[in-house]
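Okay, so here's the structure we're looking at.
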Amino acid sequence: MGVDGLLEGCVPFPPEFAERYRRKGYWKGKTLGDCFDEWTARGGARTAVVADAERVSYAELARRVNRAAEAFAALGLRPRDRVLLQLHNAPEFLYVAFALFKIGALPVLALPAHREAEIRHLLAFSEAVAYVAPARLRGFDYVGMIRAIAPHTPHLRHVLVSGDAPPGTIALDAMIRGRAPGAGGTGAAAAPRPAAADVALFMVSGGTTGLPKLIPHTHDDYAYIVDISAAAAGLGPDSVFLAVLPIAHNFSFGTPGVLGALSRGATVVLAPSPNPEVALPLIERERVTNTSVVPAVLIQWLASPLRAQHDLASLAAVQVGGSRLGAEVAQRVKPLLGATVQQVYGMAEGLNNYTRLDDPDEVLYTTQGRPLSPDDEIMVVGDDGRPVAPGERGELLTRGPYTIRGYYKAPEHNAASFTPDGFYRTGDLVRVTASGNLSVEGRVKDLINRGGEKISAEEVENALLRHPAVQNVAVVAMPHPVLGEAVCACVIRRPGAPLTLEALRAFLERAGIARFKAPERLEIVDRFPLTSVGKISKKDLRADIAARLRAEGEAA
Ligand code: OOB
């Protein structure tokens, strides 16, 4: 056990902060499993989850989660065991996540798009004892992947598969429906119960340096952000929330996302994809009132001819976040979708800023909102680390009742990512507007925000450096009309070695790197622009590419 009974490798909130957050009633001393029991008891026969043709009531959701919790305990999963969860937007995701919360085992939320390189790292780093995935999804064979990795991961004991579970794996469906060996007993009830102050789950960060980092949230802090974000989103028992982004992402999982909707007795509709041909008919069929999307998805919906063919009148509010939403796009939401736009500037590490539903249009369209908790502390600092003058641009630092104090087992990285007094350095350049809202205007961290998907430049560079034709490489963001940003690789070639974009992409795929990280443009260069201290000037590289794209656009 670490300090304060917190999982070792996690940085605790200092006692005076923890005490204040409890005294003010933010942290209620309930685990997410306790919260789930309250939500499902209240929800009863009402519909909790809709997916494909299936409709699951709150009562049935509780039964399935309890069976899964018992089966997991019978399997030998213990409090604090890590479980790598790589499920898509399906009810099984919720059965597994809540069952793990109940027994105090810790889900690590991987994205369905992660491939061998990321999964191998996450399994090894988290020392996960179990891995949960679909057998196949969108043509990808998850079982084949884990079979290739398993021999190198000594901690991994169980592979649980939803859908057709091949020999050597455990069928998740049987566990949830109570047919698994050991299920149906009182395993979970007899097992030790987790403490609300302990870690509940790990989110995966896009990372700014190298491989993804693990973000530990406690039951107390996560239950709090679920609750206040659900309130600020205006969710209630009559709401129908459509989850279109991967629910492994903080935005659609718990801020407010699926958990926020369930906390209010609302109905969650799980969409297998955010594409207009999937999402828009679901909005009509299920009378969806709320959803959360990244700007790239919103832009697709607004541009789709399908929009006019479906009755979207039920939509009350659309949350947009994950990357910067342009004011021109924001102001088209009301006329074209009939819904109020709510800008969300959040991060898996914690802090969530929202515009409020009753804000004036100016605020709704041109700002990324303000913190949700009265105890979210924010500070905008200049290069010298001192607060800038009001209204000036600087890096946003923050700490508060649901913002982590450190990444898991990453003391060196934490020393750079947090100030000595516990503020998280967001790496985002912001300005506080006259209305007291934040405007996100850029970033200091070396990361590409591809339609909300965060990509570490260093991680992609390290992978590309292994290509025989690559002598040196700098990976930078280039402007993209829909995604906002896309990945561009600037490469100095080894003499005489031919290289194409397709070859680079295929190389990364063979290396087991998630496809969304692969460059969409290759620039062969002779040398890199340098800063005054001789580092590669990514700022100049970005400007070069942007200028080149503009010129190409004009020529075309
Ligand atoms: C969300 O979480 P992450 O962890 O994938 O990414 C956080 C980063 C922020 O630091 C910022 O750079 C960027 O994503 N970001 C935005 C933004 N929302 C996030 N940049 C500009 N405008 C926005 N509205 O992306 C996330 C987590 C919870 C809720 C919503 C988004």
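Assorted remarks:
- Members of region 287-297 found to be within 10 Å of the ligand (Cβ to nearest atom) and in a loop (DSSP other than H, G, I, E, B), listed by number: VAL294
- Within region 442-473, the residues that satisfy the criterion of being closer than 28 Å to TYR424 by Cα and among the polar types (S, T, N, Q) are ASN449, SER456, ASN462.
- For region 412-442, a residue qualifies if it is more than 22 Å from the chain's Cα centre (by Cα) and in a strand (DSSP E or B), and the qualifying residues are ARG431, VAL432.
- Test: GLU441 is surrounded by fewer than 22 Cβ atoms within 10 Å (Cβ to Cβ), touching a Gly at 6+ places or on another chain (Cβ under 6 Å) and either at pLDDT below 95 or not basic (Lys, Arg) (or both): no
- Any hit, region 103-124, residues being farther than 22 Å from HIS249 by Cβ and crowded, with 20+ Cβ neighbours inside 10 Å: yes
- Whichever residue in region 484-525 is part of a loop (DSSP other than H, G, I, E, B) and either assigned by TED's automatic domain parsing to the domain that holds ARG115 or of a type outside the set (A, V, I, L, M) (or both) and, among such residues, is surrounded by the most Cβ atoms within 10 Å (Cβ to Cβ): PRO519
- Long-range neighbours under 7 Å by Cβ, at least six apart or interchain, first residue in contact (Cβ under 8 Å) with a residue 40 or more places away in the chain and more than 14 Å from MET175 (Cα to Cα) within region 58-69, second among the basic types (Lys, Arg) and not in a helix (DSSP H, G or I): TYR58/ARG46
- Meets criteria (within 16 Å of the ligand (Cβ to nearest atom), touching a Ser or Thr at 6+ places or on another chain (Cβ under 8 Å) and at negative phi) for LEU429: no
- Restricting attention to region 460-485, the residues that are within 18 Å of the chain's Cα centre (by Cα) and more than 12 Å from the ligand (Cβ to nearest atom) total 1.
- Taken over region 14-45, the residue count meeting the criterion of being assigned to a loop (DSSP other than H, G, I, E, B), surrounded by fewer than 18 Cβ atoms within 10 Å (Cβ to Cβ) and either among the aromatic types (Phe, Trp, Tyr) or without any contact (Cβ under 8 Å) to a residue 24 or more places away in the chain (or both) is 3.
- Listed by first and then second residue, the pairs with beta-carbon distance under 9 Å, at least 6 apart or on different chains, first residue in region 142-158 and without any contact (Cβ under 8 Å) to a residue 24 or more places away in the chain, second among the aromatic types (Phe, Trp, Tyr), are ALA150/TYR131.
Yes or no, residue by residue, for (1) surrounded by fewer than 24 Cβ atoms within 10 Å (Cβ to Cβ); (2) within 16 Å of the ligand (Cβ to nearest atom); (3) part of a helix (DSSP H, G or I):
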{"site": "ALA248", "(1), (2), (3)": "no, yes, no"}
{"site": "PHE251", "(1), (2), (3)": "no, yes, yes"}
{"site": "LEU259", "(1), (2), (3)": "no, yes, yes"}
{"site": "LEU262", "(1), (2), (3)": "no, no, yes"}
{"site": "VAL269", "(1), (2), (3)": "no, no, no"}
{"site": "VAL278", "(1), (2), (3)": "yes, no, yes"}
{"site": "LEU282", "(1), (2), (3)": "yes, no, yes"}
{"site": "ARG285", "(1), (2), (3)": "yes, no, yes"}
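Yes or no, residue by residue, for (1) surrounded by 19 or more Cβ atoms within 10 Å (Cβ to Cβ); (2) touching a residue at least 60 places away in the same chain (Cβ under 8 Å):
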position	(1), (2)
ALA330	yes, no
LEU336	no, no
GLY346	yes, yes
LEU351	yes, yes
GLU362	no, yes
GLU377	no, no
VAL380	yes, no
GLY385	no, no
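- Members of region 435-450 that are within 9 Å of the ligand (Cβ to nearest atom) and either of a type in the set (Lys, Arg) or free of Cβ contacts under 8 Å to residues at least 12 places away in the same chain (or both): ARG443, LYS445
- Condition met for ARG55 (among the basic types (Lys, Arg), touching a strand residue (DSSP E or B) at 6+ places or on another chain (Cβ under 9 Å) and closer than 19 Å to ALA271 by Cα): yes
- Once region 225-246 is narrowed to residues that are within 14 Å of the ligand (Cβ to nearest atom) and part of a helix (DSSP H, G or I), the residue that is nearest to PHE101 (Cα to Cα) is VAL226.
- Residues of region 131-148 satisfying the condition of being crowded, with 19+ Cβ neighbours inside 10 Å and over 21 Å from the mean Cα position of the chain (by Cα): VAL143, MET145, ILE146
- Failed condition for ALA317, given (1) hydrophobic (A, V, I, L, M, F, W, C); (2) buried (at least 22 other Cβ atoms within 10 Å of the Cβ); (3) in contact (Cβ under 8 Å) with a residue 60 or more places away in the chain: (2)
- Output for region 46-59, where each listed residue is surrounded by fewer than 16 Cβ atoms within 10 Å (Cβ to Cβ) and assigned to a helix (DSSP H, G or I): ALA59
- Some residue of region 191-212 being more than 16 Å from the chain's Cα centre (by Cα), at positive phi and at pLDDT 95 or above: no
The values are calculated or read from the model by the stated rules, or taken from the named source; none is laboratory data. Because the structure is a prediction, the values reported are computed rather than measured. All Cβ positions, glycine included, derive from the backbone under ideal geometry; neighbour counts span all protein chains shown.
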